[in-house]
Every structure is written in structure tokens, then in C-alpha cells.
1. Please indicate, with yes or no, whether at least one residue in region 3-14 is over 25 Å from residue 227 (Cα atoms), in contact with a helix residue (DSSP H, G or I) (Cβ under 7 Å, 6 or more places away or on another chain) and modelled with pLDDT of 95 or more.
2. Residues that are in contact with a Gly (Cβ under 8 Å, 6 or more places away or on another chain) and either crowded, with 21+ Cβ neighbours inside 10 Å or in a strand (DSSP E or B) (or both): does region 89-106 have at least one?
3. So, restricting to strands (runs of 3 or more DSSP E) that lie completely within region 122-208, which ones have at least 3 residues that are closer than 23 Å to residue 52 by Cβ and among the aliphatic types (A, V, I, L, M)?
4. Quick check: anything in region 63-70 more than 18 Å from residue 144 (Cα to Cα), hydroxyl-bearing (Ser, Thr, Tyr), surrounded by fewer than 20 Cβ atoms within 10 Å (Cβ to Cβ) and modelled with pLDDT under 95?
Amino acid sequence: MKTSRLLHDLDLARIALLTTAEKRVELSKLKASWPPYGYKPFRMTILDTLNIEAGPLAPLPQTKWAAIECAIRLWGTSPEEIAANLRVAEGLYHFACGLDVAGKRQEFYPLVLSPTEKLSASYWSPIVISVDKRPVVPFFDPRKSNKLSPLGRQFALSAAHQRIRVLEHDFRDIELAVFQFSNPKVGLRVAKPYFASDIDRLVEYDELLSKVQETYAIWNEIFAEREEKRRQESRGSEGEEFRLIAPLEARRRRRT
């Protein structure tokens, strides 16, 4: 499985468990260009938003919203990106304050999804937080469109389960959650967690590998078709340019 271009982790999770026909439809919708903005500023403030301890010292006081807002405005690359990141960060901040969320850093290596192509993904943040007195490893999906569907959440939580619970004995009983956000026209986007314990079936590792392999096989076909179409259009434009220039060159030679 040679990959022409890697899919975004969220797109891979959203598409991998679909049927073959549905995969092709969704992959064909993916644009070759990048979205107008991303959520990196939001992700860079998650530790402060969720009151994550930096070390084994006493818990830190809750970071003020004004400090998080200032950081996002500093790291945002456009007014649109700043506004989008502020809305989702404020939603998570209100969730954290309402449930008195706190936690600590906890690193996990990425889950290998294609051993031959060194393809891996991390459907979790490197933290453990307390939600309703339960230790939870969270994953955040801040998208407004093309967000994770129930099947997408099943893929993401299954991947987290295989990497964290199965491979890390100390975390075999920990809860996993995908956080998504409402999308009102104005105001903060309310955070809502979806827990692994509410999923009927978590996908086995071999099935995850198979689904990823099929997804990338179709994606590579689509990518190759797009490249061939671009080459054909390029050759066509070059031929048209030659047909326009050739008569002019012939007339110039006759005059000289």
C-alpha cells in the first residue's frame, strides 16, 4: 500500500468503516487543497483549558479564560481562524469549569495502522483527565463540517482502545472519549463527550488494518486519476498554445 498523499486522521476515521462504495464517494469529495483554517491554536491551549498538571506538584489553579483567549489570538493566522478557535476553546473551557476537570500529561506512542508503510495515528490527546470522577483519555474533534459520524467515532475509539487499553496494562480499565462540539450560528460551541463504554462493539486491530488498507487503496486510485487528468489538461493547454503561436510565427517568417 504505497500512499500518494496521507489522509487527515479525522478523514481516515470518518471513512474507514464505510462500505467500499461509500468510501469511494466520500474520498472523491475530498479536495486537493487545504481548508481555509485549522484548529492548531485550540489544540495548543488544551493543557491550560483542562487544568493539566505540569508535574507531580500540587494541582494548578484554573487558568483564566482571558489568558487562553490571548494565546489563541497570538497563535491564530487569520481573523477567521482566531474566531473559529475561540468558539471551540470557550466551549471546552466551560465544560472543564462546570465539571471541575483536571488531569495530568500521559504520553502514548501512536498506533501503527500500516506496518509496511509506517502509517500511524493518535486518536487521543497525551493527557488523562477526570470527568465525573472517571479517568478519561480524550480525543477532540473540533470540526464544524465533516466531523466524525458514529462510525467515525467507533473507529477512533477502537484505535485508542487497541493502543491504550490493549497495549498498556496499567490503563486497561480507563475510559476513552471523543469530544465533539455543537455548531450554533453565534456563541460558544458546547462540548459533548462520547464514551467508548457506550459503543456496542470496538473494532479489532486486524480489522482496523484491513479497513485502512482498503481506504488507502481507493484513495490512491482517486489520487492517480486526478494526477492523470491534470497531466492531460496540461498537455491540452500546451497544444492549444502551440496552435495559436504557430500561425504567428509563419507570418513573421514570410515577412522577413
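The values are calculated or read from the model by the stated rules, or taken from the named source; none is laboratory data. From a predicted model like this one, the values you see are computed outputs, not experimental measurements. All Cβ positions, even for glycine, are placed from backbone atoms using ideal geometry, and neighbour counts span all protein chains on display.
1. No.
2. No, region 89-106 contains no residue that is in contact with a Gly (Cβ under 8 Å, 6 or more places away or on another chain) and either crowded, with 21+ Cβ neighbours inside 10 Å or in a strand (DSSP E or B) (or both).
3. Per the criteria, 127-131, 175-181.
4. Within region 63-70, one or more residues are more than 18 Å from residue 144 (Cα to Cα), hydroxyl-bearing (Ser, Thr, Tyr), surrounded by fewer than 20 Cβ atoms within 10 Å (Cβ to Cβ) and modelled with pLDDT under 95.
Let's see how each residue does on (1) polar (S, T, N, Q); (2) surrounded by 13 or more Cβ atoms within 10 Å (Cβ to Cβ); (3) within 20 Å of residue 22 (Cβ to Cβ):
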{"residue": "158", "(1), (2), (3)": "yes, yes, yes"}
{"residue": "172", "(1), (2), (3)": "no, no, no"}
{"residue": "185", "(1), (2), (3)": "no, no, no"}
{"residue": "191", "(1), (2), (3)": "no, yes, no"}
{"residue": "208", "(1), (2), (3)": "no, yes, yes"}
